[in-house]
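Read through the structure below, which is laid out as structure tokens, and then see the notes.
The values are calculated or read from the model by the stated rules, or taken from the named source; none is laboratory data. Just so we're clear, the structure is a prediction, and the values are computed from it rather than from any experiment. Cβ: placed from backbone, ideal geometry, glycine included. Neighbour counts: every protein chain shown.
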Amino acid sequence: MILMRILPGVLKELLKHVPTVMFEAVDWSVLAHELPKLSRRIIKKEGYSELLVLQNSYLRPFSIQLVEDALKSVNLKHNAQAAEKILALYFAQLFSPHGLFLDLRSEGYQIDGEILKWHPSGIWTQFKPEFSLGLSEIYDGFYLEDQRLFEAGLMKIGLTSPHWPESDRKKLSELFKAHFGSSLGSMVFDLETFKKSLLRVADFMLEKKVKISTDFLYLGIALVTLYSSLEISEEPLNVKGIYLSVRTKLQTK
């Protein structure tokens, strides 16, 4: 793909784990419009300092501190504390009104007592309100075991259509749930397993001629980099418990 060749190098590195067929479902004219903005954020750190300040205030209740200077990274292997904080960071950022830093790879984390310090890279975005609301409904629907809410979220982010047969909506719902693992018990993160489930979703979307938004691609970056960090830890995490804890803190802010 010609456009893929002109993506910023850092972005190509982050997207290498996203199945190629996913790009066939992207509205490339929209992504082409995004490229100059992405390049400025990656190369010139446009908007970086402003988002860092806003996100620091937003993340304070989670004992997460963002810093501009590079950090000596903590060893994540068998570090349950760091892994839990990184997962909480991912969930909390999804609901930030300010935007989110997308690159959650293992470099740049440090533990200082109860605080996770993080030096984010310059890759950030701000989801459209409808996409953010859809994500909220998907995660709430999954972890609260509300199937109707889960399916409503999938429709809001554009992955299903009310015009599809019910059997197709159900199939996409089940494929997407594979990303989450079990809603009960602990989960060990494995990037290859995640990539296989993403490939099945991508193949189905291609079959249904679904056009995904750039927001969905950015979410893919956040998820791929999250998995790449958490699989290093090899720690089983109570994902549902961490998610519900984040949601509770957000509701009481």
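Checking 250, 184 one by one, the residue that is modelled with pLDDT of 90 or more, aliphatic (A, V, I, L, M) and either under 29 Å from residue 122 (Cβ atoms) or not in a helix (DSSP H, G or I) (or both) is 250 and no other.
Looking at (1) free of Cβ contacts under 8 Å to residues at least 24 places away in the same chain; (2) in a helix (DSSP H, G or I), which is the only condition residue 162 fails? Every listed condition holds for residue 162 apart from (2).
Quick grid of which residues meet (1) buried (at least 19 other Cβ atoms within 10 Å of the Cβ); (2) in contact (Cβ under 8 Å) with a residue 24 or more places away in the chain; (3) closer than 28 Å to residue 57 by Cβ; (4) hydroxyl-bearing (Ser, Thr, Tyr):
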| site | (1), (2), (3), (4) |
| --- | --- |
| 186 | no, yes, no, yes |
| 190 | no, yes, no, no |
| 193 | no, no, no, yes |
| 208 | no, yes, no, no |
| 222 | yes, yes, yes, no |
| 234 | no, yes, no, no |
| 239 | yes, yes, yes, no |
| 243 | yes, yes, yes, yes |
| 248 | no, no, yes, yes |
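Taking the listed residues 96, 121, the one that is part of a loop (DSSP other than H, G, I, E, B) and closer than 20 Å to residue 244 by Cβ is 96, with no other qualifying. Of the residues in region 224-247, at least one is at pLDDT below 90 and in a helix (DSSP H, G or I). Regarding region 91-114, can at least one residue be identified that is more than 21 Å from residue 41 (Cβ to Cβ), buried (at least 19 other Cβ atoms within 10 Å of the Cβ) and hydrophobic (A, V, I, L, M, F, W, C)? Yes, because at least one residue in region 91-114 is more than 21 Å from residue 41 (Cβ to Cβ), buried (at least 19 other Cβ atoms within 10 Å of the Cβ) and hydrophobic (A, V, I, L, M, F, W, C). Among the residues of region 48-90, which ones are of a type in the set (Ser, Thr, Tyr), exposed (fewer than 13 other Cβ atoms within 10 Å of the Cβ) and not in a helix (DSSP H, G or I)? Within region 48-90, none qualify.
What about residue 66, is it aliphatic (A, V, I, L, M) and either over 26 Å from residue 204 (Cβ atoms) or modelled with pLDDT under 85 (or both)? Yes, satisfied.
Quick check, is residue 137 among the charged types (D, E, K, R) and at pLDDT 95 or above? Criteria met by residue 137. Just one of the numbered conditions (1) in contact (Cβ under 8 Å) with a residue 12 or more places away in the chain; (2) not in a strand (DSSP E or B) is not true of residue 37: (1). If you scan region 99-118, which residues turn out to be outside any loop (DSSP other than H, G, I, E, B) and either touching a Gly at 6+ places or on another chain (Cβ under 8 Å) or under 14 Å from residue 56 (Cα atoms) (or both)? Those that are outside any loop (DSSP other than H, G, I, E, B) and either touching a Gly at 6+ places or on another chain (Cβ under 8 Å) or under 14 Å from residue 56 (Cα atoms) (or both): 100, 101, 115, 116, 117, 118.
Within 27 Å of residue 197 (Cα to Cα), part of a loop (DSSP other than H, G, I, E, B) and at pLDDT below 70 - does that describe any residue in region 4-11? Yes; the residues of region 4-11 include at least one that is within 27 Å of residue 197 (Cα to Cα), part of a loop (DSSP other than H, G, I, E, B) and at pLDDT below 70.
Of all residues in region 132-153, none satisfies being surrounded by fewer than 20 Cβ atoms within 10 Å (Cβ to Cβ), small (Gly, Ala, Ser) and in a loop (DSSP other than H, G, I, E, B).
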